[in-house]
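For reference, the structure is listed below as structure tokens.
Nothing in this text is a laboratory measurement; each read-out follows from the coordinates by a stated rule. Keep in mind that what you see is a predicted model, and the values were worked out from it rather than measured. In this analysis, Cβ positions are derived from the backbone assuming ideal geometry, glycine residues included, and neighbour counts consider all displayed protein chains.
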Amino acid sequence: MILGEIGEDVSRFPTEKHFAGWLGLCPNHQESNRKRKSRRVRKGKNRVAIALRLAARSLQRSHSAMGAYSRRMNSRLGFKGAITATAHKLARYVYAMLNHGVAYVSQSLEECEAATQERIERTLRKKAVLWATIWFPGSR
């Protein structure tokens, strides 16, 4: 279905961000004088975006790295935001496959969880060092 709508040539989109924007899977930040007016995702009847959202919705209960990503986004953004974020990520994968000919490499859930845990620990260590230098300036 995706190939039927887009075709094999995605050279009309300079980057994957342009591709995702064309699909309507990017936030539409409307701001005036640093006052946020709207951050809704643009509505549209794009069949590719609908298919990617449907695929993202099916990933919610999947035991894969993309399923873990979707659940993580769900806790942060809510259900609709998580569907859009996961569909955006799927759109980037589709663009990479069509433009560069790169095959999708599936990551196991254990590898994904380990990488996420390591990233969280690294961030907490940086925050601890920052707070230690703020509260105890001579201890470093």
Cα-based equivalent ellipsoid of region 82-140: semi-axis lengths in Å, sorted from largest, via gyration tensor
38, 14, 11
Using only the alpha-carbon atoms, how far is helix 47-58 inclined from the longest principal axis of the chain? Give it as 0 to 90 degrees, nearest 10.
50
By how many degrees, 0 to 90 and rounded to 10, does the Cα axis of helix 109-135 deviate from the longest principal axis of the chain?
40
Determine the gain in length on full extension of the stretch L54-Q30; use 0.36 nm per residue of separation and subtract their C-alpha separation, reporting nm with one decimal.
6.0 nm
Gaussian network model of the chain, Cα within-10 Å springs - most flexible of S75, S64, S32:
S32
Given a cut-off of 28 Å, name the pairs among K43/K89; K37/K126; K43/K126 whose C-alpha atoms lie farther apart than that in the structure shown.
K37/K126; K43/K126
Mean separation of Cα pairs under 8 Å and 6+ residues apart, divided by the residue count of the chain: what relative contact order is that in percent?
22
Expressed in nm to one decimal, what extension gain is obtained for the pair L130 and S62 from 0.36 nm per residue of sequence separation less their Cα-Cα distance?
20.8 nm
Under 5 Å from the placed amide H of V41, counting only residues 5+ away or on other chains, we find N28
Acute angle (nearest 10 degrees) that the helix 79-100 long axis makes with the longest principal axis of the chain, alpha-carbon atoms
70
Rounded to two decimals, what is the ratio between the C-alpha radius of gyration of region 2-106 and 2.2 N^0.38 Å?
1.12
Using the Cα centre of region 38-90 as origin and beta-carbon charges of +1 (Lys, Arg) and -1 (Asp, Glu), tell me which of H88, G67, V41 is placed farthest towards the positive end of the dipole.
V41
